[in-house]
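Chemist: Have a look at the structure that comes next, please.
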Amino acid sequence: MWRYKSLKRSPPQGSDLDDFLKIVWLAIKENKGRLWTKNFFDSVKPSVLAEKGKAASWDSQAVEHARRTLSACQIFLYQPLFYLNNGGVGTVLSNQGASMTTKGAPNDLIHNFNPLTLMVFAPIMSFVLYPLLNRYHIKFGPISRMTVGYTSAIIGSIVGAIIQWRVYKTSPCGYQASTCDSVSPVSIWWQLPTVMLGAIGELFTVVTAYEMAYARAPEGMKSTVVAINLAMQALSSALAQILIPSIKDPNLIWAWAAPGIALLVQTIIFWVRHHHVNDEKFLLRESFEEGEFSVAEKK
């Protein structure tokens, strides 16, 4: 409150969502539906439209904001497959645990190691890994971090598939292990790597996605872009519900392996298409330099 008089105050300007939707829709029409056309948004710049005798209710900055917003949202479309690989699809981890030797431990105990892993590794990454990389001038941009996170989840799914194969091989009921009265001698603690790798993947992928959702989006579109990022987890849950009927014996190896293979293919595409984002300058300092913040301290 004591700094109130030294702040520059601007009236609320609302969201840029209306202009964004108009710009994207017109760009689709001007490019005849070719969404991957190079310089997709150039056709809706006011100067270009004026040459065609068309009026625009937005300026060139609004077109650039639309480009940044759409670019950020494209990256979030890769998230649902990651969430499917984070600890397995639906109840596959619990089904696997139910057919393993627990020695009195509940078969859903391993789930608790996800938050525990986050609590342990988050400070290590913040205070050890990232400062060490900065010290040796090793570039580790957002796309690189997300790629590492995806890779961690892929390895977790591969480990889960191997464990499930081993459970089937050692269970008295073979490939009907989940409904067997007896259990495999494989200990439930072998599930720990799968859960921990998924949690480590969250630290690289989910945290970076939140950062990009807020920092890469234009000022008037931040809340919309963050909401779209969050919606990807809801979409993943919906996909998991669709897949639940197939999560049963004798398909549980593929319940682990198939999402992992899909994520591997997606990760390659993700890196090829978006690795250039590592070189973009879109963090908060840029927003201050562009004057996008509505409240800034007077000089």
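Chemist: For the condition under 28 Å from ILE269 (Cβ atoms) and either in the same structural domain as ALA213 (by TED's automatic domain parsing) or assigned to a helix (DSSP H, G or I) (or both), what is the one hit in VAL167, VAL183, VAL159?
Modeler: Values: VAL167 fails: under 28 Å from ILE269 (Cβ atoms); VAL183 fails: under 28 Å from ILE269 (Cβ atoms).
Step by step, each of VAL167, VAL183, VAL159 is checked, and only VAL159 is under 28 Å from ILE269 (Cβ atoms) and either in the same structural domain as ALA213 (by TED's automatic domain parsing) or assigned to a helix (DSSP H, G or I) (or both).
Chemist: Would you call ARG68 out of contact with any strand residue (DSSP E or B) (no Cβ under 8 Å at 6 or more places or on another chain) and either buried (at least 16 other Cβ atoms within 10 Å of the Cβ) or hydroxyl-bearing (Ser, Thr, Tyr) (or both)? Even if it seems obvious, please write down each step before you answer.
Modeler: Numbers: out of contact with any strand residue (DSSP E or B) (no Cβ under 8 Å at 6 or more places or on another chain): yes; either buried (at least 16 other Cβ atoms within 10 Å of the Cβ) or hydroxyl-bearing (Ser, Thr, Tyr) (or both): yes.
Against the criterion (out of contact with any strand residue (DSSP E or B) (no Cβ under 8 Å at 6 or more places or on another chain) and either buried (at least 16 other Cβ atoms within 10 Å of the Cβ) or hydroxyl-bearing (Ser, Thr, Tyr) (or both)), ARG68 qualifies.
Chemist: For SER178, only one of the following conditions fails: (1) within 23 Å of GLY260 (Cβ to Cβ); (2) out of contact with any Asp or Glu (no Cβ under 6 Å at 6 or more places or on another chain). What is its number?
Modeler: (2)
Chemist: Any residue in region 85-94 that is out of contact with any Leu (no Cβ under 9 Å at 6 or more places or on another chain), of a type outside the set (Gly, Ala, Ser), in the same structural domain as TRP190 (by TED's automatic domain parsing) and not in a loop (DSSP other than H, G, I, E, B)?
Modeler: Checked against the condition, which is being out of contact with any Leu (no Cβ under 9 Å at 6 or more places or on another chain), of a type outside the set (Gly, Ala, Ser), in the same structural domain as TRP190 (by TED's automatic domain parsing) and not in a loop (DSSP other than H, G, I, E, B), region 85-94 yields at least one hit.
Chemist: Can you find, within region 114-159, the residue that is nearest to LEU84 (Cα to Cα) among those that are of a type in the set (Phe, Trp, Tyr) and surrounded by fewer than 20 Cβ atoms within 10 Å (Cβ to Cβ)?
Modeler: Initial filter on region 114-159 (of a type in the set (Phe, Trp, Tyr)): 121, 127, 130, 136, 140, 150.
Of the ones still in play, those that are also surrounded by fewer than 20 Cβ atoms within 10 Å (Cβ to Cβ) are 121, 127, 130, 136, 140.
Values: PHE121: 21, PHE127: 29, TYR130: 27, TYR136: 35, PHE140: 25 Å.
That would be PHE121.
Chemist: For region 29-51, enumerate the residues that are in a loop (DSSP other than H, G, I, E, B) and among the charged types (D, E, K, R). If you could, list the steps in order and put the result at the bottom.
Modeler: Of all residues in region 29-51, those in a loop (DSSP other than H, G, I, E, B) come to 31-39, 45.
Correct list: LYS32, ARG34, LYS38, LYS45.
The values are calculated or read from the model by the stated rules, or taken from the named source; none is laboratory data. Note that the structure is predicted; figures quoted are calculated from it, not measured. For neighbour counting, all protein chains shown are included, and Cβ atoms are generated from backbone atoms with ideal geometry for every residue, glycine included.
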